[in-house]
Amino acid sequence: MRSPTRRAALAVCVALLLVTAGCTGGTNTSNTTAPTTAETTTATDAWSPNVSVEQYPPGVAENGTLTNASTLADAHFAATADETLVLTIEGTGPNDTSVRTYAHGDGPTPFYATTDRTEDGTRIVSESYQTEERGFVRHEVENRNTTLYRVTQNTSTPGTDSWLSNHGPFDVEYRLGTQFVLGNYTVNGTVERDGRTFVELTADEPADEDFAPAYDGTALVTPEGVVHSVEASFASGTGDDREFREVSVSLDTDAEWTGAPSWIDDRPNLSVSIVEDGRALELRNSGGATLPANTTFEVSGMNATEGWEARIFPDVTGTVTTDAALEPGEAMYVTADENGTSFALRDEPTRGEYAFAAAKLHHRNEGTVYSLVTGLDHQPE
């Protein structure tokens, strides 16, 4: 009998795979066709049944069974952290399709991630570009003629707004790991391709029939754990609600890193920092578009950061409103009285009474969100 923890993990993975493929709910189209056999090798590949235990990728036990998908995903991202690459995860179902990509240059940041999803005729395209501290998101719903933007700073820090984590590298790592948990993958020999040796993992039965009553998959993985391809098809649900889905993963290490997308300059590239020995916050427009006048920010402040992980952020709150446009290269300054009950926005550096150890500026309108944090170390989730 499978443990409640194992079954709960499988349930989460099923839900995540459905989201990866674009499913957000609704009635499933009945489909009684069995999943087709997945295949990742080509006519030019040289397959061999011979494989040694020393070649087994991380997460594979000595009996050749993949027992820990998270270990395999960890190894993949550790081995590729300093390589230029594009990782693509595609999913299809009866009513939906999706393509997710994750790309970076010769380091894990900056990275660029995209989601292109169509469900029941509605297409949604999301893009995110993330540096060590800054984040930019563009979200477009095609048939609604709606485009939303988000500009962030340090917002994947625990205890603050982590909206960007859906497009962060650790979320991608989790998504890669979930590609292996619905099937019982085992070593099935090696494949020689373009002078490289890959270990072939195959699965022709589900890990738990209650969640996925049919499963078929093939993956090519290096002995170091780099996942170069996965092709899988599986059934989920029962009776008339059963649907068959297909998922593929591909890694391109010959892709050219193109850097920041042009659309990040469609909005002001705002940042916040603590200045004047903690007695003021600097709101700077470092590039992109002009921040219009009459823009209101919610201000949150902390006068100490010791033990902040266990505290409810913040200590003081207030609002400030710009009385003039903030052009690229310009800055404004936020100060507060001693108790943090009154905030002011000034054109020139000015020392206030309240001492900021950490702060957050937040603004939301119909099309744009700014969420800027300073004073807390950036800690990706």
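Below are the figures for this structure:
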| item | result |
| --- | --- |
| Apportionment of accessible area to carbon and sulfur, segment 195-318, percent (1.4 Å) | 39 |
| Accessible area (Å², per residue) of segment 195-344, counting only protein heavy atoms and a probe of 1.4 Å | 44 |
| For segment 240-381: Kirkwood Rh in Å [reciprocal of mean 1/r, alpha carbons] | 17.4 |
| Distance in nm between pseudo-label sites at residue 146 and residue 266 (7 Å out along the Cβ direction from Cα) | 1.5 |
| Charge dipole (debye, nearest 20) of segment 171-246; +1 at Cβ of Lys and Arg, -1 at Cβ of Asp and Glu | 300 |
| Probe 1.4 Å - accessible area at residue 209, Å² to nearest ten | 130 |
| Length-normalised contact order for segment 302-365 - Cα pairs under 8 Å, 6+ apart - percent | 36 |
| Segment residue 338-residue 118, extension gain: residue separation times 0.36 nm, minus the distance between their alpha carbons | 74.0 nm |
| Cα gyration tensor category, rounded, prolate or oblate, for segment 194-268 with a/c compared to 1.5 | oblate |
| Potential extension, residue 83-residue 67 segment - 0.36 nm per residue separation minus Cα distance | 3.1 nm |
| Separation of the residue 273 and residue 290 label points, Cα + 7 Å toward Cβ, nm | 2.5 |
| Distance (nanometres) between label positions extended 7 Å along Cα→Cβ at residue 47 and residue 324 | 7.1 |
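The values are calculated or read from the model by the stated rules, or taken from the named source; none is laboratory data. Since this is a predicted model, take the numbers as computed values, not measurements. Here the Cβ is made from the backbone with ideal geometry for all residues, glycine too, and neighbour counts use every protein chain on show. In case anyone asks, the SASA skips ligands and DNA or RNA and just uses the protein heavy atoms, side chains included. Shrake-Rupley method; radii C 1.70, N 1.55, O 1.52, S 1.80 Å.
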